[in-house]
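Peer 1: Starting off with a structure, shown below.
The values are calculated or read from the model by the stated rules, or taken from the named source; none is laboratory data. This structure is a prediction, so every number in the text was calculated from the model and none was measured. Ideal geometry is used to build each Cβ from the backbone, glycine not excepted, and the neighbour counts take in all protein chains shown. The accessibility values were calculated without ligands, DNA or RNA, using every heavy atom of the protein model including side chains. Shrake-Rupley method; radii C 1.70, N 1.55, O 1.52, S 1.80 Å.
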Amino acid sequence: MLVKAKERQISFLFQEQDPFFEIGCRILEQEQFPQMLPYQRRRQNGREKLVYRAEGGNLVPLIDIVPKLGDGGLISLLCGMLSLNIKVEENGFLKKECIWYQYDHLYYDKTAGCVMAAVLPITGELRYADGSSWFGCFEETIIRIAAYLPCSQVVYVRKLVQMLKMEKLTQEEALAELQRLGGGGQGILPPARKTHQNTTLKLLYHGNDKEFEFNVDDEDFLIGRNADIADGVIPLEFSRAVSRKHCLITKMNNKYFVQDLKSVNHTLVNGIMIPPYELMELENNDILSVGDIEFRVTTSVP
């Protein structure tokens, strides 16, 4: 597939015949996704060509509008992208991977306050000329939009993207988490409902004639030896292998995840070392090793 973009227009020339192309076109015509750029279908040298146009004064390049939006508008954009992913897959035929999420080729509808994208009538994943994956483009766009949010929310959004990539969250669960930040769902989907009871987590240590426990009751719980910044402090008399800021436990969608903060002596779950800043889920009876301190993880529902 050849892709060409110029001002307010993106064209896709398909190199091969797709037996499902006609079905995909009919679905796009029937569904009329509100965030899809309108397109025209043509034939060029015997091949299918789709031309998407951003027509009208209400559509502007996304790259121009993002720096001018407030926090609520930015979160609404992120919610809208996840909503579009969900909506596209509701028909059971098209996949979210048919949405063209190249950041420079996206538009913003000033009237509706949402992202406008090319949605192609294909069943497989789009192949980008620079070799990047569909999720890579989706992730880049999410991060570039979120970059204008406050630092704490940028970190939160990055965690969401990581968990989507790890398939620890569904699109619906990620949307619910974003809605909690106050952006809403742009009226495309109703607010997602929580279906799980609230889970609590404890870390129990017993060794060297010492024992203590941490009750993880915040969405972010920092473990380390610096009493000024850590929520769970491990003093020097307990261990000299724990870094000042060693690891961070995050609660999201009623699940707990731990990430190593580039500690000297690493963070492990059940003997598996976590690469710095990557997330690993914590489950009941796991062994969390913070340096040479081993915690037994217990989770419960009050």
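Peer 1: Quick check on this structure: which one of Lys168, Lys159, Lys110, Lys194 is among the basic types (Lys, Arg) and modelled with pLDDT of 90 or more?
Peer 2: Lys110
Residues checked against (1) among the hydrophobic types (A, V, I, L, M, F, W, C); (2) open to solvent by 20 Å² or more (accessible area, probe 1.4 Å):
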residue: Thr199; (1), (2): no, yes
residue: Asp209; (1), (2): no, yes
residue: Ala227; (1), (2): yes, yes
residue: Gly232; (1), (2): no, no
residue: Leu236; (1), (2): yes, yes
residue: Asn284; (1), (2): no, yes
residue: Phe295; (1), (2): yes, no
residue: Ser300; (1), (2): no, yes
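Peer 1: Are any residues in region 125-148 open to solvent by less than 50 Å² (accessible area, probe 1.4 Å) and over 15 Å from the mean Cα position of the chain (by Cα), and if so, which ones?
Peer 2: Listed by number, the residues that qualify are Leu126, Tyr128, Ser132.
Peer 1: While we're on this one: Say we look at region 130-156 and pick out the residues that are closer than 23 Å to Asn253 by Cα and among the hydroxyl-bearing types (Ser, Thr, Tyr); which of these is modelled with the lowest pLDDT?
Peer 2: So, considering only residues that are closer than 23 Å to Asn253 by Cα and among the hydroxyl-bearing types (Ser, Thr, Tyr), the one modelled with the lowest pLDDT is Ser152.
Peer 1: Please determine whether any residue of region 164-173 is in contact with a strand residue (DSSP E or B) (Cβ under 8 Å, 6 or more places away or on another chain) and open to solvent by less than 30 Å² (accessible area, probe 1.4 Å).
Peer 2: There is at least one residue in region 164-173 that is in contact with a strand residue (DSSP E or B) (Cβ under 8 Å, 6 or more places away or on another chain) and open to solvent by less than 30 Å² (accessible area, probe 1.4 Å).
Peer 1: Name the residues in region 39-54 that are among the aromatic types (Phe, Trp, Tyr) and either open to solvent by less than 30 Å² (accessible area, probe 1.4 Å) or under 20 Å from the mean Cα position of the chain (by Cα) (or both), would you?
Peer 2: Result: Tyr52, single match.
Peer 1: Name the pairs whose Cβ atoms lie under 9 Å apart, with the first residue in region 152-172 and within 18 Å of Ser83 (Cβ to Cβ), the second open to solvent by 60 Å² or more (accessible area, probe 1.4 Å) and among the charged types (D, E, K, R), and 6 or more positions between them or separate chains?
Peer 2: Gln171/Glu89
Peer 1: Kindly list the number of the only condition in (1) open to solvent by less than 10 Å² (accessible area, probe 1.4 Å); (2) farther than 22 Å from Cys137 by Cβ; (3) without any contact (Cβ under 8 Å) to a residue 60 or more places away in the chain that fails for Gly57.
Peer 2: (1)
Peer 1: Here's a follow-up. State the number of residues belonging to region 252-268 that are crowded, with 18+ Cβ neighbours inside 10 Å and touching a strand residue (DSSP E or B) at 6+ places or on another chain (Cβ under 7 Å).
Peer 2: 10
Peer 1: In addition: Among the residues of region 129-179, write down those that are assigned to a helix (DSSP H, G or I) and within 18 Å of Tyr108 (Cβ to Cβ).
Peer 2: Cys137, Phe138, Glu140, Thr141, Ile142, Ile143, Arg144, Ile145, Ala146, Leu178
Peer 1: Right, something else. Would you tally the residues in region 90-118 being in contact (Cβ under 8 Å) with a residue 40 or more places away in the chain, among the acidic types (Asp, Glu) and either part of a helix (DSSP H, G or I) or closer than 17 Å to Thr170 by Cβ (or both)?
Peer 2: The qualifying residues number 1.
Peer 1: Let me spell it out: the conditions are (1) assigned to a strand (DSSP E or B); (2) over 25 Å from Ala174 (Cβ atoms); (3) at pLDDT below 95; (4) not β-branched (Val, Ile, Thr), and Arg240 meets all of them except one. Which number is the exception?
Peer 2: Going through the list (1) assigned to a strand (DSSP E or B); (2) over 25 Å from Ala174 (Cβ atoms); (3) at pLDDT below 95; (4) not β-branched (Val, Ile, Thr), Arg240 breaks only (1).
Peer 1: Something else about it: For residues that are in a loop (DSSP other than H, G, I, E, B) and either acidic (Asp, Glu) or in contact with an Asp or Glu (Cβ under 6 Å, 6 or more places away or on another chain) (or both), tally how many sit in region 271-296.
Peer 2: Summing the residues that are in a loop (DSSP other than H, G, I, E, B) and either acidic (Asp, Glu) or in contact with an Asp or Glu (Cβ under 6 Å, 6 or more places away or on another chain) (or both) in region 271-296 gives 6.
Peer 1: Here is a further query. Only one of these conditions is not met by Pro67: (1) open to solvent by less than 70 Å² (accessible area, probe 1.4 Å); (2) part of a strand (DSSP E or B). Which number is it?
Peer 2: With (1) open to solvent by less than 70 Å² (accessible area, probe 1.4 Å); (2) part of a strand (DSSP E or B) applied to Pro67, the lone miss is (2).
Peer 1: Inspect region 80-88 for any residue being of a type in the set (A, V, I, L, M), modelled with pLDDT of 95 or more and open to solvent by 10 Å² or more (accessible area, probe 1.4 Å) and give the result as yes or no.
Peer 2: The answer is yes; a qualifying residue exists.
Peer 1: Then there's this: Can you tell me which residue within region 1-17, out of those that are loosely packed, with under 15 Cβ neighbours inside 10 Å and either among the acidic types (Asp, Glu) or part of a loop (DSSP other than H, G, I, E, B) (or both), is nearest to the chain's Cα centre (by Cα)?
Peer 2: Applying the filter and picking the extreme gives Glu7.
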